[in-house]
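These notes concern the structure reproduced below.
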């Protein structure tokens, strides 16, 4: 899985965190990756069926990278969750006329993830964090979400 795909999974899990108690997140993460595994298997079975293969194909075994990616995403999510109040505080300070309670859940989750990457992840440049946030906003947000995300995050680079 690419960094972008992992980032999207982090986004999806962080988005769900607003709807579950913190003590439920371990279970939600497990269920999330159970679904990922099931989708992988279903896709491989469909591909095998299209090729006329009967029975379970050999490549149905999950690649070793699957477990590694699950660990990376889980670690990232668990690093971000306790920082959400601090990330929200910083966002509230920079957003004129808005606060995090008024921002849509998709946009807020994108901002939290990007701000975490900009402030706490030394392996990701600010430009990459902003670009990736804009791309996620285009995919999951509303029509103007990417512009809003870009404008807010630009305030953290000045």
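What follows is calculated from the coordinates using simple rules that are stated; it is not laboratory data. Remember, it's a predicted structure, so these values are computed and weren't measured experimentally. So basically every Cβ, Gly included, is an ideal-geometry build from the backbone, and we count neighbours across all protein chains shown.
Could you give the angle, 0 to 90 degrees to the nearest 10, between helix 145-154's Cα long axis and the longest principal axis of the Cα atoms of the chain?
Tilt relative to the chain: about 60 degrees.
Given R₀ = 30 Å, what would the calculated FRET efficiency be for residue 38 paired with residue 105, taking r from the Cβ atoms and rounding to 0.05?
So, using R0 = 30 Å, E works out to roughly 0.75.
May I ask you to derive the relative contact order of the chain, considering only C-alpha pairs under 8 Å and at least 6 residues apart, and to give it as an integer percent?
RCO, the chain: 22 percent.
Note down the relative contact order for the stretch 3-79 as a percent, whole number, built from C-alpha pairs under 8 angstrom at least six residues apart.
Value for the stretch 3-79: 47 percent.
Which whole-number percentage describes the relative contact order of the stretch 109-152, with Cα contacts under 8 Å and a sequence gap of 6 or more?
35 percent
What nm value, rounded to one decimal, do you get for the distance between residue 86 and residue 5 when each label is placed 7 Å out toward the C-beta?
So the label points at residue 86 and residue 5 sit 3.2 nm apart.
Ranked highest first by the average count of other Cβ atoms within 10 Å around their residues, in what order do 45-51, 113-119 fall?
Output ranking for 45-51, 113-119: 113-119, 45-51.
For Kirkwood radius over Cα pairs in Å, several values are listed as (1) 17.0; (2) 17.8; (3) 16.1; flag the one computed from this structure.
(1)
Residue 128 to residue 64: extension gain in nm, 0.36 nm per residue of separation minus the Cα-Cα distance?
Gain on extension, residue 128 to residue 64, equals 20.3 nm.
What nm distance separates the two modelled labels at residue 79 and residue 51, each placed 7 Å from Cα along Cα→Cβ?
3.7 nm
Hey, what angle do you get for helix 64-80 against the long axis of the chain, alpha-carbon based, 0 to 90 degrees rounded to 10?
Around 20 degrees separate the two axes.
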